[in-house]
Amino acid sequence: MVQTPRVLQLLPADSLVAQAREFRTKLGIPAPKIEDDERDMLFEPSAAAILNQLPALFFKQAVHQAVLESKASEFSSRMVAMKAATDNAKKISAALSLEYNKARQAAITQEILELTAGAAAQ
């Protein structure tokens, strides 16, 4: 697993359309269909008030998304580190168990040799 940092320019927002397109593709949201619609739309509050609030909302959302991705990256790297530590501990345990069994078998063999040598001497 490889984690690469990246730079995302939030301010000044040169192209909100391009950034909105990037978010749509990242989230898998299809592009809106542009049709010739001649109906009047009523905005409450006014369209200008909504458009004035959009940059601040966009900035807050982008910062929140960056924080969430940062936390997810941190948790992912912790999981990978713990998996590696667990695997290494299992390898060390197996090697230590093998060494213990060899030492125990050598001690048993030594005792048998001493018993047989003592019995042969009599």
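The values are calculated or read from the model by the stated rules, or taken from the named source; none is laboratory data. The shown structure was predicted, so the numbers you read here are calculated from the model rather than taken from an experiment. Cβ: placed from backbone, ideal geometry, glycine included. Neighbour counts: every protein chain shown.
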Number of the exception - K33 against (1) modelled with pLDDT under 85; (2) closer than 28 Å to V7 by Cα:
(2)
Report every pair of residues separated by at least 6 positions or lying on different chains whose Cβ atoms are under 7 Å apart, first residue within region 73-99 and without any contact (Cβ under 8 Å) to a residue 60 or more places away in the chain, second not in a helix (DSSP H, G or I).
none
Pull up region 1-30, narrow it to residues that are at pLDDT 75 or above and small (G, A, S), then point me to the one that is farthest from F75 (Cα to Cα).
A18
Which of (1) farther than 30 Å from A84 by Cα; (2) under 23 Å from the mean Cα position of the chain (by Cα) is the odd one out, the single condition Q65 does not satisfy?
(1)
With the condition kept exactly as written, say whether any residue in region 98-118 is in contact with a Leu (Cβ under 6 Å, 6 or more places away or on another chain) and in a helix (DSSP H, G or I).
no
Tell me whether region 85-97 contains one or more residues that are part of a loop (DSSP other than H, G, I, E, B) and not aromatic (F, W, Y).
no
State whether the residues of region 71-82 include one that is farther than 25 Å from Q3 by Cα and either part of a helix (DSSP H, G or I) or of a type in the set (F, W, Y) (or both).
no
Among what's in region 1-56 and is part of a loop (DSSP other than H, G, I, E, B), free of Cβ contacts under 8 Å to residues at least 12 places away in the same chain and under 30 Å from A81 (Cα atoms), pick the residue that is farthest from the chain's Cα centre (by Cα).
V7
With the structure loaded, tell me whether A84 is loosely packed, with under 10 Cβ neighbours inside 10 Å and of a type in the set (A, V, I, L, M, F, W, C) or whether it fails that test.
no
If I ask for residues that are among the polar types (S, T, N, Q) and either more than 30 Å from L8 (Cα to Cα) or touching a Gly at 6+ places or on another chain (Cβ under 9 Å) (or both), which ones from region 70-105 would you list?
T86, N88, S93, S97, N101, Q105
